[in-house]
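Visitor: Shown below is the structure under consideration.
The values are calculated or read from the model by the stated rules, or taken from the named source; none is laboratory data. Note that the structure is predicted; figures quoted are calculated from it, not measured. Note: ideal-geometry Cβ built from the backbone for every residue, glycine included; neighbour counts use all protein chains shown. These accessible areas exclude ligands, DNA and RNA; they are computed on the full protein's heavy atoms, side chains included. Shrake-Rupley method; radii C 1.70, N 1.55, O 1.52, S 1.80 Å.
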Amino acid sequence: MDNSEVYVGLDIGTTSIKALVCENVKGQIKVIGAGVEPAAGMSRGVIVDIDKTARAISNAIAQAEEKSNIDIKGVIVGLPANYLQMQRVHGMITIANNGQSREIVDQDVLDLAREALTQSIPPERTVIDLVPTEFTVDGFDGIKDPRGMVGVRLEMKGTLYTGPKTIVHNAKKAIQKAGYMVRDFVVTPIATGFNLLNDGEQDFGTLVIDLGGGQTTTSIIHDHQLKYSYVDPEGGQYITKDISTVLNTSLKNAEQLKRDHGFADSTQADDVQIDVEVVGQDKPVQYSEKYVSEVIEARIRQIFDRIARQLDRINAPELPGGVILIGGVAALPGIRSLTKQYFSGNVKVFVPEQMGIRHPRFAISYALGLYEDRLSGIDRLIKQVVQEADFGKAMPDTNAGNRELQSQESVEDSNGPIQKRTSQEQTTKKKDGSFSSKFKSLFNNLFD
Ligand SMILES: Nc1ncnc2c1ncn2[C@@H]1O[C@H](COP(=O)(O)OP(=O)(O)OP(=O)(O)O)[C@@H](O)[C@H]1O
Ligand SMILES: [Mg+2]
């Protein structure tokens, strides 16, 4: 079967790997197969054991192949926002032919993107994406696609996203070991932001919170750009561990209790009693749904507290688009009302409409499936240049395990990349007025 209209989104999560096969049928994207496999070799969003993760990826994709009856070759892979850096770039080329203006063609866009990419990128980082914001032809700005126009000088402004080579390399290697090719790498909050949000939400500003198993990723989409991301190193696994510890029951039981009886907002839970098998007891012990939900709520409140503090620190404005929740933990009943206590605006849980994947944990793989299909001609040209820059080239350092234990924040900077800051540094530096005011003015600039 011809694979040209088929897109496979691969979401390598801390707790599970999701593979979705999407097909464009007369302009409509349909999900024709899904595979889900418990993750292995992952810690807080990143691969720490390539072989184990490769096996899990292979199983997830094999399931998707079987369900869709498609022979999968290349996959579109989501990269976590961990240690993501964003920086504004500007490129300019002269297109005049003997001093005469001429029509701008694809090749000019390629040359321009290459020019914009000649920024100094630290050796441990690699280019993941370059998203153009506007083109300028002979001083006329605000152009979305300059091809076919006539000019002497062509400029481009955009945002460059770079990530640690370790993360990108390990993902590439694991997918290759699983027997597949990387068709494209996409920063996950870009894929979700551009494909799950409607035009107004992307334009006026929306907070997207991915409540995953291993970590919680918050991003701000504004002006059709990913402007900010913050990765909190806690997620659904912590909730399960809390239930297991507090109720003295196995992790397996705790996970089941969370899914079958849990509420994110404990005021919505009933006093109905549940029999729980407890370690060291012959007979089950009874706990109320409310009690289990209080444990769940406490952990989510801690995560939301930290996110709210980060947003406060950077002086994030109220976002008219409100909040979109994705990720497995967003399936908890009561999550919307709890979220409303922390963030302004309307709160929605994004659940893909398609059969077999009606769960917020499929939001990312679904967005990845849509992503490639929706790229414009200009985006595709620029992607070509990004891929030439070769994400995840030869890597001296493959030790991802020592890098992923802190929360990380990324914000677009007009004057070059802002270095990642660990949560410890953030606490100490917070007392320094200049640091926080720098962030504030920077963030205000982003929303000009
Ligand atoms: N119905 C449910 N109720 C409560 N929690 C749920 C439900 N379904 C899934 N979860 C939780 O969602 C989490 C997994 O979500 P998801 O698949 O989005 O994470 P992941 O992609 O594996 O991890 P990460 O994004 O952090 O790398 C697990 O902790 C799981 O317990
Ligand atoms: Mg995830």
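Visitor: Can you compute the charge dipole magnitude of the stretch 42-122 about its Cα centre, using +1 on each Lys and Arg Cβ and -1 on each Asp and Glu Cβ, nothing else charged? Give it in debye, rounded to the nearest 20.
Guide: For this selection, approximately 340 debye.
Visitor: Is the shape of the stretch 236-298 best called rounded, prolate or oblate, per the rule: a/c under 1.5 gives rounded, else a/b larger than b/c gives prolate, else oblate, with a ≥ b ≥ c the square roots of the Cα gyration tensor eigenvalues?
Guide: Details: a/c = 2.14, a/b = 1.28, b/c = 1.68.
In terms of gyration-tensor shape, oblate.
Visitor: Continuing with this model, one more query. Quick check for me: using +1 on Lys/Arg Cβ and -1 on Asp/Glu Cβ, what's the dipole size of the chain about its Cα centre, in debye to the nearest 20?
Guide: Working: 50 positive and 59 negative charges, 168 e Å.
With only Lys, Arg, Asp and Glu charged at Cβ, the dipole is about 800 debye.
Visitor: If you don't mind, there's one more thing I want to ask. Which value, in Å² and to the nearest 10, is the accessible area of SER288 when all protein chains are kept and the probe is 1.4 Å?
Guide: Solvent-accessible area, nearest 10 Å²: 20 Å².
Visitor: How much accessible area per residue does the chain have, counting only protein heavy atoms and a probe of 1.4 Å, in square angstrom?
Guide: With all protein chains present, the chain gives 43 Å² per residue.
Visitor: Just how many pairs of Lys in the stretch 122-213 have C-alpha atoms closer than 25 Å, counting pairs that are eight or more places apart or on different chains?
Guide: So the count works out to 4.
Visitor: Starting from the Cα of LYS26, draw a straight line to each of the aspartates and glutamates and keep only those under 20 Å, dropping any in the same chain fewer than 8 residues away.
Guide: ASP2, GLU5, GLU353, GLU372, ASP373
Visitor: Additional query: With each run of n ≥ 4 DSSP H residues scored as -39500 (n - 2.57), what mean residue ellipticity at 222 nm is computed for the chain after dividing by its residue count and rounding to the nearest 500 deg cm²/dmol?
Guide: Calculated from helices alone, the mean residue ellipticity at 222 nm is -11000 deg cm²/dmol.
Visitor: Now, a different point. Quick check: at a probe of 1.4 Å, how many percent of the accessible area of the stretch 184-312 sits on carbon and sulfur atoms?
Guide: Its accessible area is 45 percent carbon and sulfur atoms.
Visitor: Determine the equivalent ellipsoid of the stretch 85-159 by diagonalising the alpha-carbon gyration tensor, then write out the semi-axes as square roots of 5 times the eigenvalues, largest first, rounded to whole Å.
Guide: On the way: eigenvalues 120, 31, 18 Å².
So the equivalent ellipsoid measures 24, 12, 9 Å along its semi-axes.
Visitor: To continue, here is another question. Taking the Cα centre of the stretch 121-196 as origin and charging only Cβ (+1 Lys, Arg; -1 Asp, Glu), how large is the dipole, in debye to the nearest 20?
Guide: About 480 debye.
Visitor: On to the next question. If the cut-off is a Cα-Cα distance under 16 Å, which aspartates and glutamates reach LYS52, setting aside same-chain residues fewer than 8 apart in sequence?
Guide: Reachable aspartates and glutamates: ASP11, GLU37.
Visitor: Go through ASP275, ASP145, ASP282, ASP11 and list them by solvent-accessible area, largest first, probe radius 1.4 Å.
Guide: The residues order as ASP282, ASP275, ASP145, ASP11, largest area first.
Visitor: Percent of accessible area on the stretch 85-159 owned by carbon and sulfur, 1.4 Å probe? Please list the in-between numbers first.
Guide: Details: 1750 of 3600 Å².
With neighbouring chains kept in place, the figure for the stretch 85-159 is 48 percent.
Visitor: A further question follows. After finding the eigenvalues of the alpha carbon gyration tensor for the chain, what semi-axes result from the square roots of 5 times each, listed largest first in whole Å?
Guide: Square roots of five times the eigenvalues give 39, 26, 20 Å.
Visitor: How would LYS258, LYS52 rank on accessible area, largest to smallest, probe 1.4 Å?
Guide: On the way: LYS258 20, LYS52 100 Å².
Reading off the accessible areas and sorting them downward yields LYS52, LYS258.
Visitor: Leaving out same-chain residues fewer than 8 places away, which aspartates and glutamates sit with a Cα under 14 Å from that of LYS252?
Guide: In chain and number order, the partners are ASP242, ASP260, GLU277.
Visitor: First select every other residue whose beta carbon is under 10 angstrom from the beta carbon of THR240; then total the charges, Lys and Arg +1, Asp and Glu -1.
Guide: Result for the neighbourhood of THR240: +3.
Visitor: If you don't mind, another one. How would the stretch 4-138 be classified by its alpha-carbon gyration tensor: rounded, prolate or oblate, with rounded meaning a/c under 1.5 and the a/b versus b/c comparison settling the rest?
Guide: Since a/c reaches 1.5 but b/c is at least a/b, the shape of the stretch 4-138 is classed as oblate.
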